[in-house]
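See structure below.
Bear in mind that the values in this text are calculations on the coordinates, not laboratory data. Predicted model only: the values in this text are computed from it and were never measured. Using ideal geometry, Cβ is built from the backbone for each residue, glycine included, and neighbour counts are taken over all protein chains shown.
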Amino acid sequence: MQSFEETFTGALGEELHGRLEQPTGPVVAYALFAHCFTCGKDSIAATRITRALAEQGIATLRFDFTGLGNSDGDFANTNFTTNVADLRAAVLHLSDKYRPPSLLLGHSLGGAAVLALAADSALACAVATLGAPFDPAHVVHLLAGARETILKEGVAEVRLGGRALRIGKSFLDDLDKGDKTLQKFKKPLLVMHAPRDNIVGIENAEKIFRAAHHPKSFVSLDSADHLLLNKDDAEYAAKVVAAWASRYMAQEAQGAAQENPSEVCVQESLRSPLEQTITSGRHMLIADEPQRLGGFDRGPSPFDYMLVALGTCTTITLRVYAKRKAIPLRRAQVRLMFDGKGEAQQHRLKRFVTLEGDLDLEQRKTLLEIAEKCPVHRAYSKGMEVSTEEVR
């Protein structure tokens, strides 16, 4: 697993700071995590859940809302609406630099925020909430005696989670408007809540679940506390979310593959000097160069992929032919390498074919001839015309 610092501009024009937890292998999908009220991206729950999702192949961005953690701005100038707008800015950042998030995941008030964001847009194919309130105004009770001061003076300092924060009147005014998010929310939804949550009661999960449209699912977090301070609880939640969301991510990828079944998209990952991310239908790959050529060696090189293309096409062609001709080929193995040095290496390939099975000499000879006729071999041998045009 890898971790990268991310910065982007938030709803109020301030620089927001985040962290992208990235799998070491191919990225199955991207996700966005919204932290709980006043917590921050480095809270125990945010850190453990996003890292656990990365271990499941889901690259997940967590960030500090305006005025919190490492992000710029004054929290007193924010409200629930600006939080949702910060989330939208995070989505745009992911979309521009990587890929649009397929999953939105929110903890506590962050859960209410991702519901509001997803209800008003086509963003994401699935949404999951952890300990979320049914109504964003639920957080007002956390302000205790400061509410009157805020209404009277416009701002007050409140101690939450052991630290002092300035809460502005606009935050209360925004919450008091109420919220009808779930009436128009029609995306697949996973509601996760702990029965013993003494900050946001379990009745909130029941209200969310009843108000939401199908498809919807509910998972009890058993004895977990609201902040998911126990590592096992956080990792369990992440694994459940990943398993649940995989169905909808697969459907999304399948739809994209059907629209462009032969299209491959390659773009710079921006994580290292030469690393590239490759999307082929529903599949995600990585390409890079070895360290001696300036890369980080996080994936096969472009010329390695040339060998992969020829090798896989060869074995598939042999299998199809052997099946059609009833040849008892048990398994075919192909090893490939470039022959020569310098520029000559790019034009000469060596292919070593191993044929396993009860094959006679004639069958072996025939299969080797067939290997020479695989489509990629013919394309390499005859050359292929490539056209290039700029797309703006």
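Potential lengthening of the chain between residue 77 and residue 365 amounts to 96.0 nm, from the contour at 0.36 nm per residue minus the alpha-carbon distance.
Listed from fewest to most Cβ neighbours within 10 Å, the set 305, 321 follows the order 305, 321. If R0 equals 30 Å, the separation of the Cβ atoms of residue 220 and residue 267 corresponds to a calculated FRET efficiency of about 0.15. Segment residue 380..residue 147, full-extension length gain: 76.6 nm, with 0.36 nm per residue of separation and the alpha-carbon distance subtracted.
Just to verify a number: FRET efficiency for residue 55 and residue 308, C-beta to C-beta distance, R0 = 22 Å, to 0.05?
Working: r = 26 Å, r/R0 = 1.17.
The formula returns an efficiency of 0.30 here.
The residues neighbouring residue 3, those whose beta-carbon lies less than 9 Å from its own, together hold a net charge of 0 under the Lys/Arg +1, Asp/Glu -1 convention. Protection proxy ranking of 48-54, 358-364, by the mean of other Cβ atoms within 10 Å over each peptide's residues and highest first, is 48-54, 358-364.
Amide H to amide H, with H built 1.01 Å from N, residue 216 comes under 5 Å of 189, counting only residues 5 or more places away or on other chains.
Per the Cα gyration tensor, region 301-382 maps to an equivalent ellipsoid with semi-axes of 26, 12, 11 Å, ordered largest to smallest.
Take the Cβ atoms of residue 166 and residue 4, set R0 to 51 Å, and the FRET efficiency comes out at 0.95.
So if each residue of separation counts as 0.36 nm, and I subtract the Cα-Cα distance between residue 239 and residue 387, what length gain in nm does that give? Show your work: numbers first, answer last.
Numbers: separation 148, 0.36 × 148 = 53.28 nm, distance 4.43 nm.
Gain on stretching residue 239 to residue 387: 48.8 nm.
Name the residues of region 359-392 whose amide N is less than 20 Å from a point 7 angstrom out from the Cα of residue 350 along the C-beta direction? Within reach of a label on residue 350, which here means backbone N under 20 Å from a point 7 Å along Cα→Cβ, region 359-392 contributes 368-369, 371-372, 377, 381.
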